[in-house]
Amino acid sequence: MEQYVGLDVSLEETAVCVLDKTGKVIWRGRCSSDPDAIARTVRDRAPFAVRIGLETGQLSTWLSLRRLDLPVVCLDARHAKAALSLQVNKTTMPTASPRSSEPAGTARSRSRAWTARPSGSC
């Protein structure tokens, strides 16, 4: 049961979205932006995660989630936008947060078969 996770990291909270291999949202929520809290949330909510995507930025280097044995892949925001623009159906499920669709989009772009192997500072 492959799962894909998208993270939208901010200073205090991280939005998390877990998808199954078909792209269906399994879980969506938030946790503290502490690396251990993120790792705990991912392990609890996505025990079968094969990829965890987050956009590059000031916080992605600090997180160092790969040191916590998570299959993290950093992606450039421009590449994520290009990947998502290729989707036929670009609709997202609305929630309370105005940026809530970002983790789902990150997870979807990381779940594609052509995705590169993990690299970068995450």
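The values are calculated or read from the model by the stated rules, or taken from the named source; none is laboratory data. Fair warning: this is a prediction, and the values are worked out from it, not measured in the lab. Ideal geometry is used to build each Cβ from the backbone, glycine not excepted, and the neighbour counts take in all protein chains shown.
Being among the charged types (D, E, K, R) and under 18 Å from SER64 (Cβ atoms) is the filter here, so list the residues in region 13-50 that pass it. Spell out the reasoning first.
Quick first cut of region 13-50, residues among the charged types (D, E, K, R) only: 13, 20-21, 24, 28, 30, 34, 36, 40, 43-45.
Answer for region 13-50, where residues must be among the charged types (D, E, K, R) and under 18 Å from SER64 (Cβ atoms): ASP34, ASP36, ARG40, ARG43.
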For this session: Give me the pairs, please: first residue somewhere in region 42-58 and of a type in the set (Asp, Glu), second residue anywhere and surrounded by 23 or more Cβ atoms within 10 Å (Cβ to Cβ) and not in a strand (DSSP E or B), beta-carbon distance under 9 Å, and either six or more positions apart or on two chains.
Result: GLU55/THR106
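Looking at region 1-19, which of its residues are buried (at least 16 other Cβ atoms within 10 Å of the Cβ) and either modelled with pLDDT under 90 or of a type outside the set (S, T, N, Q) (or both)?
So in region 1-19, the residues buried (at least 16 other Cβ atoms within 10 Å of the Cβ) come out as 3-9, 14-19.
Those that are buried (at least 16 other Cβ atoms within 10 Å of the Cβ) and either modelled with pLDDT under 90 or of a type outside the set (S, T, N, Q) (or both): TYR4, VAL5, GLY6, LEU7, ASP8, VAL9, ALA15, VAL16, CYS17, VAL18, LEU19.
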Problem set entry | Near pairs, Cβ below 6 angstrom, 6+ apart or cross-chain, from region 10-39 (over 19 Å from GLU55 (Cβ atoms) and of a type in the set (Phe, Trp, Tyr)) to any residue that is surrounded by 19 or more Cβ atoms within 10 Å (Cβ to Cβ) and at pLDDT 95 or above | TRP27/VAL18
Exercise. Could we say that GLY6 is closer than 15 Å to PRO71 by Cβ and either in a strand (DSSP E or B) or without any contact (Cβ under 8 Å) to a residue 40 or more places away in the chain (or both) here?
Worked result: yes
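Suppose we keep only residues that are in a strand (DSSP E or B) and among the β-branched types (Val, Ile, Thr) within region 29-64. Which one would you say is surrounded by the most Cβ atoms within 10 Å (Cβ to Cβ)?
Keep residues of region 29-64 that are in a strand (DSSP E or B), which gives 29-32, 49-55.
Then keep just the ones that are among the β-branched types (Val, Ile, Thr); that gives 50, 52.
On the way: VAL50: 15, ILE52: 28.
Here the residue is ILE52.
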